[in-house]
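K.L.:
Just passing along the structure, written as structure tokens.
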Amino acid sequence: MKLYSYWRSSCAHRVRIALSLKGLEYEYIPVNLLKGEQSDPDFKKINPMGTVPALVDGDVVISDSLAIIMYLDEKYPEPPLLPPDLHKRAVNFQASSIVLSGIQPHQNLGVLKFIEEKINSEEKTAWVTNAITKGFTALEKLLVSCAGKHATGDEVYLADLFLAPQIYGAINRFQINMEPYPTLAKCYESYKDLPAFQNAAPEKQPDAPASTS
Amino acid sequence: MKEKLKLYSYWRSSCGHRVRIALSLKVIEYEYIPVNLLKGEQFDPDFMKINPMGTVPALVDGEVVITDSFAIIMYLDEKYPEPPLLPRDLHKRALNYQVASIISSGIQPHQNLAVIRYIEEKTNGEEKIAWVNNAIRKGYTALEKLLVNYAGIYATGDEIYLADLFLVAQVHGAMIKFKIDVEPYPTLAKCYESYKELSVFEDAVPAKQPDAPAPMI
């Protein structure tokens, strides 16, 4: 299997955790988003969508982190990334959606560039802070009564794969204070002891600049 | 007696639209409870008691409250498996998830009410239109590339699946709200034509919902 990834992409980060958790071997192929390598004709031949992450499994090419993770979970069921209980599964999908559609779209490179160009830098910061604050508030409400050691209980599930990179980015890139979100902060702490999460961290990827470790 | 499912929704919400189709396809009875987003009813304390997230759609199934259209649809599909909203083939399932993601994170977040109001306030009306157009066209281009080799009568074959629920709501909403046509994208346009022939899709359109304003004559 091949994973086309960028060290700092939070979407790729999610997939790296899944691959790690399931003990799956893969070839890491870096695509430098800042240099626009996702638009290279060679990459577009493999993935016409021109996005990362992209997973290549034989003839099958899948883009989008949620689709990749669901594919991996269905093809390699151990350990399962969704709990057996229907309601808890729904909570996992909700948490993933809040990150995927509620927060990340408002902090991706393209959007931030647009805002900085059309308005200014302060507005860009305010925009991202607003999106993250709204999203974290929603996540805190969602998870406060069902979190255990991790987001939706004592096992790692889909929600945790979305939460970890989002919080990582919020803290490291956007200087968000986690104090108003004790459930999320506690979850984030719980990932620090897990090799699958640690190995997937941006600064540990082959294409991370030397200065970030 | 088993309590009916409740769906809190707004007639024009494309996220609500997706869920209505799922409920219709699976022939699940439900009570439609309108929440007027323009009037800010999603922030009413009574609604927030039911759904602390203050968002629509929200599904109430007995004690269980679920928000977010994707989560609701997956819940419905798992609890009421017929007809299935995902094909059996792993790759085709992945295609369906990709379509749902492109729409729910690539397009819809950039066209929702709160965001476009913000853009208009901070810049102006023209910028807002350019913003929405750009998001939708980028998304449609991605969807066209993704589906061109896999579409049948519908998005990922000859049966209706998850992708179709997201596609029809997106295309319909973009046409009505932003006058953006799907014609330049032949695969998407062909799918949309197919949806128009299904009563289950026609019944779910925003204009037919209980809280839709009476049509202007």
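Here, each number is a calculation from the coordinates, and none is a lab measurement. Here the structure is a predicted model, which is why all the values come from computation and not from measurement. Ideal geometry is used to build each Cβ from the backbone, glycine not excepted, and the neighbour counts take in all protein chains shown.
K.L.:
Residues being within 12 Å of chain A (Cβ to nearest Cβ), farther than 19 Å from residue B:185 by Cα and either in contact with a strand residue (DSSP E or B) (Cβ under 6 Å, 6 or more places away or on another chain) or touching a residue at least 12 places away in the same chain (Cβ under 8 Å) (or both): count how many of those fall in the range B:112-142.
P.N.:
Selection size over the range B:112-142: 3.
K.L.:
Based on this model, can you work out whether residue B:66 counts as surrounded by 19 or more Cβ atoms within 10 Å (Cβ to Cβ), of a type in the set (A, V, I, L, M), within 14 Å of chain A (Cβ to nearest Cβ) and over 23 Å from residue A:146 (Cβ atoms)?
P.N.:
Here the answer is no, as residue B:66 does not meet what is asked.
K.L.:
Also, I was wondering about something else. Go through (1) touching a residue at least 40 places away in the same chain (Cβ under 8 Å); (2) over 24 Å from residue A:203 (Cβ atoms); (3) facing another protein chain (nearest Cβ under 9 Å); (4) not acidic (Asp, Glu) for residue A:75 and report which single condition fails.
P.N.:
Residue A:75 satisfies all of (1) touching a residue at least 40 places away in the same chain (Cβ under 8 Å); (2) over 24 Å from residue A:203 (Cβ atoms); (3) facing another protein chain (nearest Cβ under 9 Å); (4) not acidic (Asp, Glu) except (1).
K.L.:
Here's something else I'd like to know. From B:46, B:89, B:61, B:77, grab the single residue that is crowded, with 21+ Cβ neighbours inside 10 Å and among the acidic types (Asp, Glu).
P.N.:
B:61
K.L.:
Another question about this same structure. Only one of these is without any contact (Cβ under 8 Å) to a residue 12 or more places away in the chain, among the hydroxyl-bearing types (Ser, Thr, Tyr) and within 12 Å of chain B (Cβ to nearest Cβ): A:121, A:145, A:96. Name it.
P.N.:
Going through A:121, A:145, A:96 in turn, just one is without any contact (Cβ under 8 Å) to a residue 12 or more places away in the chain, among the hydroxyl-bearing types (Ser, Thr, Tyr) and within 12 Å of chain B (Cβ to nearest Cβ): A:145.
K.L.:
Which residue pairs have Cβ atoms closer than 7 Å, lie 6 or more positions apart in sequence or on different chains, and pair a first residue in the range B:169-195 that is without any contact (Cβ under 8 Å) to a residue 24 or more places away in the chain with a second residue that is part of a helix (DSSP H, G or I)?
P.N.:
Between residues of the range B:169-195 that are without any contact (Cβ under 8 Å) to a residue 24 or more places away in the chain and residues that are part of a helix (DSSP H, G or I), the close pairs are B:171/B:188; B:171/B:192; B:181/B:175; B:183/B:189.
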